[in-house]
Amino acid sequence: MGNSAIFFENRQISISLQKIRIMKIAVTGANGQLGQSLRKIANSIQSEWFFTDIDELDITQDDAVEDFFKQHTPDVLIHCAAYTAVDKAESQQKIAHKVNHIASYKLALQCQKTNCKMIHISTDYVFDGRHYKPYVETDRCKPISAYGQTKLSGEIAVRNSLSDAIILRTSWLYSEFGENFLKTMLKLGKAREELNVVFDQTGTPTYAGSLAEGIIRILQDYQTENKWVTGIYHFSNQGVCSWYDFAQWIMDEAKLDCQINPITTEKFPTPARRPFYSVLNKAKFENTFEHHIPHWTDAAKACFSQLGL
Ligand SMILES: NC(=O)c1ccc[n+]([C@@H]2O[C@H](COP(=O)([O-])OP(=O)(O)OC[C@H]3O[C@@H](n4cnc5c(N)ncnc54)[C@H](OP(=O)(O)O)[C@@H]3O)[C@@H](O)[C@H]2O)c1
């Protein structure tokens with residue numbers, strides 16, 4: 001520990017010899033969008049990473065979870081695994097509840113028992129969407145879908161059983177990985193002459209790469225300054241749009257000749273109800289972690305570039 005001085009081409013440079021702690025970081029759901037985005041930038045922080053998905057660690061298996069913690073003794077758990085099929089969750093509530101609520105609760109208990117910190121990922125679908133201004137973390141939750149309900153139950157269970165939890169609520173996640181709105185629009189935009197997209201659901205798309213960078217920021221603060229500020233935080237990209245706006249932007253940016261027709265949600269019924277308004281206020285995250293979150297159009301351009309477009 002301490003400071004030292006070295007000379008380089010006649011210039012004296014002071015360097016800190018303070019030891020950086022090599023953290024052990026475990027990730028659940030690592031084959032998902034956020035998990036893969038984290039893998040991509042994991043080496044930007046000096047740590048030992050354990051990336052797991054259902055084949056290596058099924059989070060609904062209590063014994064497997066306990067063994068995993070015993071074997072790897074993680075310092076931080078980033079819990080990305082979830083049952084994310086929003087419409088299917090309406091008819092498969094039992095399994096959605098088991099993964100999003102019960103398994104999250106059990107992971108939090110393990111973290112508490114082994115002194116491991118946890119970053120738990122949640123959703124804007126914990127809100128009913130009747131707001132008129134961006135949701136802050138203390139706004140009342142009132143999910144209107146089974147998925148939203150299971151995610152809210154997971155959040156509450158994590159908060160009540162683990163003192164060192166950070167909960168990040170995000171929205172409209174997309175990436176270069178897996179299936180998502182941006183990739184579906186690109187595919188359909190090439191195949192169809194026109195598409196109908198809802199214009200009365202307003203929120204903010206979130207590039208999983210931006211969220212992964214935000215998570216790395218939290219880890220860096222912990223590693224270098226021992227700073228770990230528990231609580232709920234909202235994290236999406238900046239700005240506001242409807243799904244219609246997002247689709248139109250994708251067509252323009254990709255120069256696809258596909259007409260996007262705005263339609264109401266009423267004209268596009270889905271098994272699960274979705275909030276009409278779910279813009280998240282990100283000020284708490286930006287201020288606490290001194291981290292600038294990019295606008296959704298800049299983030300979407302970054303995703304385009306990763307897709308080679
Ligand atoms: N996607 C969105 O639009 C969105 C919006 C707001 C919040 N979120 C939240 O953000 C987080 C990350 O979302 P994402 O889009 O990256 O999700 P994702 O792509 O669906 O990835 C989730 C991963 O978890 C795995 N998983 C499911 N059940 C599991 C189990 N029992 N044990 C271990 N792994 C299991 C999935 O495997 P399978 O694919 O084999 O099931 C998948 O690889 C989730 O908490 C989600 O609720 C997502």
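Tabulated data for the structure shown
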| item | result |
| --- | --- |
| Flag if Thr84 is farther than 18 Å from Ala30 by Cα, in contact (Cβ under 8 Å) with a residue 12 or more places away in the chain and either of a type outside the set (D, E, K, R) or open to solvent by less than 40 Å² (accessible area, probe 1.4 Å) (or both) | no |
| Boolean, Leu195 is without any contact (Cβ under 8 Å) to a residue 60 or more places away in the chain, more than 11 Å from the ligand (Cβ to nearest atom) and open to solvent by less than 20 Å² (accessible area, probe 1.4 Å) | no |
| Residue list for region 111-149, restricted to those being among the hydroxyl-bearing types (Ser, Thr, Tyr) and within 20 Å of Ile166 (Cβ to Cβ) | Thr114, Ser122, Thr123, Tyr125, Tyr135, Thr138 |
| Residues of region 122-148 classified as touching a residue at least 24 places away in the same chain (Cβ under 8 Å) and touching an Asp or Glu at 6+ places or on another chain (Cβ under 6 Å), total | 3 |
| Close pairs from region 42-58: first closer than 14 Å to Ala26 by Cβ, partner more than 8 Å from the ligand (Cβ to nearest atom) and assigned to a loop (DSSP other than H, G, I, E, B), Cβ under 7 Å, at least 6 apart | Ser47/Ile22; Glu48/Ile22; Phe50/Pro74 |
| Options Asn196, Asn261; residue that is outside any loop (DSSP other than H, G, I, E, B), of a type in the set (S, T, N, Q) and in contact with a Pro (Cβ under 9 Å, 6 or more places away or on another chain) | Asn196 |
| Residue within region 164-173 that is open to solvent by less than 30 Å² (accessible area, probe 1.4 Å), more than 23 Å from Gly209 (Cβ to Cβ), part of a loop (DSSP other than H, G, I, E, B) and in contact (Cβ under 8 Å) with a residue 12 or more places away in the chain present | no |
| Positions within region 110-134 being closer than 19 Å to Ile78 by Cα, more than 10 Å from the ligand (Cβ to nearest atom) and buried (at least 18 other Cβ atoms within 10 Å of the Cβ), in sequence order | Gln110, Cys111, Cys116, Lys117, Met118, Ile119 |
| Only one of Gln248, Gln223 that is farther than 23 Å from Leu173 by Cα and surrounded by 16 or more Cβ atoms within 10 Å (Cβ to Cβ) | Gln223 |
| Verdict on Asn31 being near the ligand (Cβ under 6 Å from one of its atoms), farther than 19 Å from Tyr147 by Cα and open to solvent by 20 Å² or more (accessible area, probe 1.4 Å) | yes |
| Members of region 282-302 that are touching a residue at least 60 places away in the same chain (Cβ under 8 Å) and over 15 Å from Gly214 (Cβ atoms) | Ala300 |
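Condition check ((1) surrounded by fewer than 23 Cβ atoms within 10 Å (Cβ to Cβ); (2) farther than 27 Å from Ser236 by Cβ; (3) touching a Ser or Thr at 6+ places or on another chain (Cβ under 6 Å); (4) not small (Gly, Ala, Ser)) across all residues:
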{"site": "Ala26", "(1), (2), (3), (4)": "no, no, no, no"}
{"site": "Ala42", "(1), (2), (3), (4)": "yes, no, no, no"}
{"site": "Asp55", "(1), (2), (3), (4)": "yes, yes, no, yes"}
{"site": "Thr73", "(1), (2), (3), (4)": "yes, yes, no, yes"}
{"site": "Leu77", "(1), (2), (3), (4)": "no, no, no, yes"}
{"site": "Ala89", "(1), (2), (3), (4)": "no, no, no, no"}
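The values are calculated or read from the model by the stated rules, or taken from the named source; none is laboratory data. For clarity, every value in this text was computed on a predicted model and none was experimentally measured. Here Cβ is always computed from backbone atoms with ideal geometry, including for glycine, and neighbour counts include all displayed protein chains. Each accessible area value is taken on the protein alone, full model and side chains, heavy atoms only, with ligands, DNA and RNA left out. Shrake-Rupley method; radii C 1.70, N 1.55, O 1.52, S 1.80 Å.
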